[in-house]
Each structure stands twice: as C-alpha cells, then as structure tokens.
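One structure is given below, encoded as structure tokens.
The values are calculated or read from the model by the stated rules, or taken from the named source; none is laboratory data. This structure is a prediction, so every number in the text was calculated from the model and none was measured. When we count neighbours, we look across all protein chains shown, and the Cβ atoms used for this are built from the backbone with ideal geometry, even at glycine.
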Amino acid sequence: MTQRILLIVSGGIAAYKSLELVRLLRRKGIAVRAVLTESAEKFVTPLSLGVLTEDHVFGQLFDLKEEREIGHIQLSRQADLIVIAPATANILAKMANGIADDLATTILLATDKPVLAVPAMNVRMWHHRATQRNLERLRADGIHIMEPDDGDMACGEYGKGRLPEPEAIAREIERLLALPPLPDPLTDQPDFAPPPNKGGLAGRHVLITAGPTHEPIDPVRFIANRSSGKQGFAIAAAAAQAGARVTLVAGPVALPTPAGVKRVDVETAREMLGAVEAALPADVAIMVAAVADWRTADAVGQKIKKDGSGAPAPLALVENPDILATLGTSSSRPALLIGFAAETQNVTEHAQAKLAKKGADWIVANDVSGDVMGGETNAIHIVTADGVESWADMPKAAVASRLIEKVANVFRAD
C-alpha cells in the first residue's frame, strides 16, 4: 500500500528545498500532499509544488471550496506522517502552545498521526531560550524533531540552524514510516503503552539504557563520551514493535522518542542508576548506555578559572556506580540481563571477562575505534556462556531488530 506524507512548508528561505524533498519522496514511491503557509508562498509557489506532487496544494483555512472538497480534519488524518519542512521558530512556537490560527497549525492540532518537524532558522533564534523551551515541550508531546545542520546562513552568520539536506530528511521520513502506529489518544491506553500487536515480547517489560552520561566538573564543563544513543534508541523501537512495554532511560541526547516507549531522561550515572532501579521489575534489561566510569569528587558551583601558572586544575576523580553489575546482584534482577561493551582492542576477550565479572547473561561487544559512536552502522559480537556469535556490519536499526528477535526467542523457549 502506498505510504502518504502531508508536507507542511512554512515561510523560511529554506522553503525552496521542499521541492527537492518532494522529488526524492516521489521517486521512493511515497505520495505527497502539500500545505503552504501564507509566508511560505513568498518563497515557493503552489504551482511548483502542485506540479511535483501531482495534487492540489492547500493553503487557506477559510476556503469554502477546499473545505467542501477535503476539509482540514481529513487532511490531518489521511496521511501516514505529517512533516513540517522547513519548520520556522514561529510555527514551532505555535505548535508548542496549541495555537491554531491558519490551515497548517489547525491541521497540526487536529492530527492523530505522527509528526516530524525539521527546524530551519537563524542560529541565534535556534539557541534562544524560548525556542529551546518550545522544542523541549514538543519532544515531550511526542513530536519528532530533526536536528538542524551547522553552516552558513542566508543572513551571513554561521552556526546551527540550516535545514538538513533533502536526502537526510527523506531518510528520516522513511525511518519514521517504518515505526508502528501511535496509540489512539482517545482511549484509556497510557501514553507509554506499546502499540497493539502479537510480537514475541507481548506482555513483557523491557528496560533499556541509552546514550552517554554527563558528569559535571563545574557549571560549564563535564566528563562524557562520544555515545550518540542511536543504537539504544533503535533497540527500544524494535522492542516496542515486538509488543513489549518499554522503559528507555536516556542520557543527554537529542533523539526523538520511539513510538510506544516510555522515556526517562537523566544526566549523570547516579541519576541513571536511580531511574533504572525505579523502573524495576523488568523481564529484560539491555544496558546499552555508555556510562562515564568516573566523576569528579566535588563538582564546583563556579567556573574553574586558569591561574596563569600553566598547571592543570586539580581534579579528584571517583568511580561511578556500575549499573550493570548492580543489576546482576539485585534481588529484582531481570530474567535476561544484557550488557554492552565498547572496546578498542581485544574486543571479545574483554567482553568475556566482563560477562563473568558483571553477572550478565549476554555481553554485546563492538569495536568503537572507528566511527561507530555517532555512526549509522554497527558490527557486534554477542558473548554468552555458550560462546561468541559475531554479526557482520549492518545498520543499527537492523542490529536492533535482530537482537530483539533473539531476545524474544529466549521467552518463546520458556
């Protein structure tokens, strides 16, 4: 069945890229219907979009002919995914506050379908507290937010705020179209319940950690690592698709929450441990997060200044709690406990040692000496008491699906 996108184009200089985005989506067999805001028509015309979509382009809320033929409620429900690209600071603010004063924002308030916003704006507008506050609210509401690119601005400034290239937006659209549908908000189903299906983990609670932790040194510095959280979020999405009730404890990453997943955001290792323990009991725990091994003994409340001597600031480090090992000895230990090991040498040997030391059932090990952290693919080794199972390099979403299928097989055998 043909997948359908409702593309809302708002009024920014990057609106011209929407034309190329439509071309790419049509080539992939995705049907596109377009809505132009009044200001967007200053940058692209209904005619140009109409030619590319081979459909009527909508723009006016109070247009009798358009409302009679296909009203804004139908527009809000007939697509599989609604995409706002570019999404200006103005439309993001309206979305965050539930304002519906034109066709585009009325559609967004009336829709029951997943929404992807692709921001594009001046770098100072992007970093403004109001914009960041609006983005936080939208993420909490379940809106998928794609991070803008860094680069030169039309205004002559440089920084974050450029609309991502159409190819990248198209890839994100394809990823979201592959996710299960959202729960119906009019039912009594809680917002974190998985979409109904008969997957291999139906009725199971899966607890997942993802991303890095940030251990503060002072108000402007912290100890962290390069984890992007992509693999953990992909595993959470796959577990939800398999019918599990999923709790995702996420370190500080800017990734959209997978559909059907309850997300708990934390910053430090100690906060992550607390959130993990609060989420128990669980049938499965998959500890994907790259937790910082150490933290400063005493984070200070003021920025540490150089004293001119050339000597480094004295930092006393203490070891962080070991979340995986804590679960391994917990009275509420999950039936299946899986840890991840990011290594740069002797990958499987280190993982085998970690398996025994941590009390885990499986260790998923990978070599991160390349661009795995932040990259789109992963090659893993699953280390168990029975031996080592090595998988070839593949997209992280594929790793996640295959891993969750392996997890489901454990419970099918019971």
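Considering every residue within segment 306-318, establish whether at least one is exposed (fewer than 15 other Cβ atoms within 10 Å of the Cβ) and assigned to a strand (DSSP E or B).
Yes, because at least one residue in segment 306-318 is exposed (fewer than 15 other Cβ atoms within 10 Å of the Cβ) and assigned to a strand (DSSP E or B).
Out of THR344, THR326, I need the residue that is of a type in the set (Ser, Thr, Tyr) and touching a residue at least 40 places away in the same chain (Cβ under 8 Å). Which one?
Working: THR344 fails: touching a residue at least 40 places away in the same chain (Cβ under 8 Å).
The unique qualifying residue is THR326.
Scan segment 78-101 for residues that are polar (S, T, N, Q), more than 24 Å from ALA31 (Cβ to Cβ) and touching a Lys or Arg at 6+ places or on another chain (Cβ under 9 Å) and jot them down.
Within segment 78-101, the first condition is being polar (S, T, N, Q), and the residues that meet it are 78, 88, 90, 97.
Remaining after also requiring more than 24 Å from ALA31 (Cβ to Cβ): 88, 90, 97.
Selection gives ASN97 alone.
Name every residue in segment 28-57 that is of a type in the set (Lys, Arg) and in contact (Cβ under 8 Å) with a residue 40 or more places away in the chain, in order of residue number. Explain how you work it out, then say what you get.
In the first step, residues of segment 28-57 are kept if they are of a type in the set (Lys, Arg); the result is 28, 33, 42.
Selection gives LYS28, ARG33.
Could you tell me which of the residues LEU36, LEU7 is crowded, with 16+ Cβ neighbours inside 10 Å and more than 16 Å from ARG77 (Cβ to Cβ)?
Details: LEU7 fails: more than 16 Å from ARG77 (Cβ to Cβ).
Of LEU36, LEU7, the one residue that is crowded, with 16+ Cβ neighbours inside 10 Å and more than 16 Å from ARG77 (Cβ to Cβ) is LEU36.
Given the criteria farther than 26 Å from ARG270 by Cβ, in contact with a Ser or Thr (Cβ under 7 Å, 6 or more places away or on another chain), in the same structural domain as ALA398 (by TED's automatic domain parsing) and surrounded by 19 or more Cβ atoms within 10 Å (Cβ to Cβ), does VAL347 qualify? Let's see the steps before the verdict.
Working: farther than 26 Å from ARG270 by Cβ: yes; in contact with a Ser or Thr (Cβ under 7 Å, 6 or more places away or on another chain): no; in the same structural domain as ALA398 (by TED's automatic domain parsing): yes; surrounded by 19 or more Cβ atoms within 10 Å (Cβ to Cβ): yes.
For VAL347, the condition - farther than 26 Å from ARG270 by Cβ, in contact with a Ser or Thr (Cβ under 7 Å, 6 or more places away or on another chain), in the same structural domain as ALA398 (by TED's automatic domain parsing) and surrounded by 19 or more Cβ atoms within 10 Å (Cβ to Cβ) - is not met.
Out of (1) crowded, with 19+ Cβ neighbours inside 10 Å; (2) free of Cβ contacts under 8 Å to residues at least 60 places away in the same chain; (3) over 21 Å from ALA168 (Cβ atoms), what's the single condition that is false for ILE107?
Of (1) crowded, with 19+ Cβ neighbours inside 10 Å; (2) free of Cβ contacts under 8 Å to residues at least 60 places away in the same chain; (3) over 21 Å from ALA168 (Cβ atoms), only one is false for ILE107: (2).
When the residues of segment 219-235 are narrowed to those that are touching a residue at least 40 places away in the same chain (Cβ under 8 Å) and in a strand (DSSP E or B), which ends up surrounded by the fewest Cβ atoms within 10 Å (Cβ to Cβ)?
ARG221
Quick one: would you say ALA238 is crowded, with 23+ Cβ neighbours inside 10 Å, assigned by TED's automatic domain parsing to the domain that holds ASP293 and modelled with pLDDT of 95 or more?
no
Within segment 296-342, can you find the residues that are in contact with a Pro (Cβ under 8 Å, 6 or more places away or on another chain) and modelled with pLDDT of 85 or more?
Listed by number, the residues that qualify are THR296, LYS303, LEU327, SER332, PRO334.
Only residues that are surrounded by 13 or more Cβ atoms within 10 Å (Cβ to Cβ) and in a helix (DSSP H, G or I): list them for segment 274-303, please.
Residues satisfying the conditions are GLY274, ALA275, VAL276, GLU277, ALA279.
Return yes when ALA341 is touching a helix residue (DSSP H, G or I) at 6+ places or on another chain (Cβ under 7 Å) and in a loop (DSSP other than H, G, I, E, B) and no when it is not. Explain how you work it out, then say what you get.
Details: touching a helix residue (DSSP H, G or I) at 6+ places or on another chain (Cβ under 7 Å): yes; in a loop (DSSP other than H, G, I, E, B): no.
No, not satisfied.
Among the residues of segment 68-84 satisfying the criterion of being touching a helix residue (DSSP H, G or I) at 6+ places or on another chain (Cβ under 9 Å) and among the hydrophobic types (A, V, I, L, M, F, W, C), which is modelled with the lowest pLDDT? Steps first, answer last, please.
Step one: list which residues in segment 68-84 are touching a helix residue (DSSP H, G or I) at 6+ places or on another chain (Cβ under 9 Å), which gives 70, 72-73, 75-77, 80-84.
Next cut, among the hydrophobic types (A, V, I, L, M, F, W, C) only: 70, 73, 75, 81-84.
Details: ILE70: 52, ILE73: 70, LEU75: 82, LEU81: 94, ILE82: 95, VAL83: 97, ILE84: 97.
Looking at the filtered set, the residue picked out is ILE70.
Output the residue which, of all residues in segment 341-363 that are over 20 Å from THR329 (Cβ atoms) and not hydroxyl-bearing (Ser, Thr, Tyr), is nearest to the chain's Cα centre (by Cα). Let's see the steps before the verdict.
The first filter runs over segment 341-363 and keeps only residues over 20 Å from THR329 (Cβ atoms), leaving 342-350.
Keeping just the survivors that are not hydroxyl-bearing (Ser, Thr, Tyr) gives 342-343, 345-347, 349-350.
Working: ALA342: 21, GLU343: 24, GLN345: 29, ASN346: 31, VAL347: 28, GLU349: 32, HIS350: 30 Å.
Going through the qualifying residues, I end up with ALA342.
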